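Notes follow the structure.
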Amino acid sequence: MKKRFLLAASMVLLFSMVKAQGLHYGVKADLNLFQLDGQGIQSHYNFGGRLGVYANYDFNKQWGIQPELLYAQENTRRDNDFSERYIHNSNPTASKNVKLSYLTLPLLLRYNINRKFTINAGPQYSFLVYENDDLLTYNKNAFKRSDFGVAAGATMTFDILHIYARYVLGLTNVNDIDDRYPWKTRQAQIGIDIDIK
C-alpha cells in the first residue's frame with residue numbers, strides 16, 4: 001500500500017509540475033557504484049548504471065524540488081562464507097554473481113548556491129523489480145523488495161547539460177533470508193542530466 005501511494009504521489013507531483021512555468025525536465029544517466037554491506041556478501045563497490053527521467057521546479061532563486069524516476073542495474077557478489085552463515089537454505093552450487101534491478105524514486109530538495117552550483121538532498125525509495133541469483137534453494141528470494149535511503153549530492157550546470165555526483169545511504173535491511181545479518185546498500189554516483197525543456 002505504501003509503495004503504491006509513494007508512486008502515485010510522485011506521478012501527481014510530476015504531472016502537476018509539468019504545467020508550471022519554472023519547470024525543467026529531461027533525461028539522465030549515471031555510473032553507479034553499488035555496495036551491499038552484510039555477512040555472506042562481499043562488501044566492496046561494484047559497477048552498475050541507471051537511466052531515467054527527472055523534473056525540477058524552483059520555488060524561488062534558492063530553493064526548489066527535483067523528483068526522479070530511474071531504472072537501476074546493480075551488481076554484487078556472494079562471499080565464500082555464504083553457505084556457512086545460511087546453512088539451512090543456501091544453495092551450495094550458487095553463482096558468485098548477483099544482479100539486481102530496481103525502479104528508483106528519489107525526491108530531492110534543491111538549494112541553488114548560484115546559477116552554476118546546486119546542492120541536492122532527500123529521501124530515495126527503491127523497489128526491486130528483478131533479482132537474478134540462485135543463492136537459496138527452491139528459488140526463494142534472498143532480497144526484500146523495498147529499500148529506503150537518503151541521498152545527497154551536488155550538481156554543476158552548463159546551460160542544458162548538468163553534471164552531478166551523489167551518495168545514497170540505504171537505511172533498510174534488504175536481507176529477506178532472516179534477521180541475523182542485516183544487509184544495507186550504499187551507492188556513489190556520477191552522471192549527467194540533459195534538459196528537454
Burial ordering of Lys116, Lys99, fewest other beta-carbon atoms within 10 Å first: Lys116, Lys99
Rounded to the nearest 20 debye, dipole of the stretch 2-195 from Cβ charges on Lys, Arg, Asp, Glu: 420 debye
Cβ-based charge dipole, the stretch 2-195, positive-most Cα from Leu105, His44, Tyr71: Leu105
Fewest-first ranking of Thr137, Thr93, Thr157, Thr104, using other Cβ atoms within 10 Å as the exposure measure: Thr93, Thr137, Thr157, Thr104
Per-residue [θ]222 nm for the chain (sum of -39500 (n - 2.57) over DSSP H runs n ≥ 4, rounded to 500): -3000 deg cm²/dmol
Per-q log10 I(q)/I(0), the stretch 2-195, q = 0.13 Å⁻¹ (Debye; single scatterer per alpha-carbon; no solvent): -0.70
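If each residue of separation counts as 0.36 nm, what is the full-extension length gain between Gln42 and Asn97 once their alpha-carbon separation is subtracted?
Computed gain between Gln42 and Asn97 is 18.8 nm.
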Dipole magnitude (debye, nearest 20) for the stretch 110-175, charges at Cβ of Lys, Arg, Asp, Glu: 340 debye
Relative contact order of the chain, pairs being alpha-carbon contacts under 8 Å that are 6 or more residues apart, as %: 21 percent
Residue-count net charge about Asn112 - beta-carbon cut-off 11 Å; Lys, Arg +1, Asp, Glu -1: +3
Alpha-carbon centroid distance for the pair the stretch 112-189 / the stretch 19-87, whole angstrom: 4 Å
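The numbers here are math on the coordinates, done by the rules we state, and not lab data. All of these numbers come straight from a predicted model, not from anything done at the bench. Cβ sites come from the backbone with ideal geometry, for glycine too, and all protein chains shown count toward neighbours.
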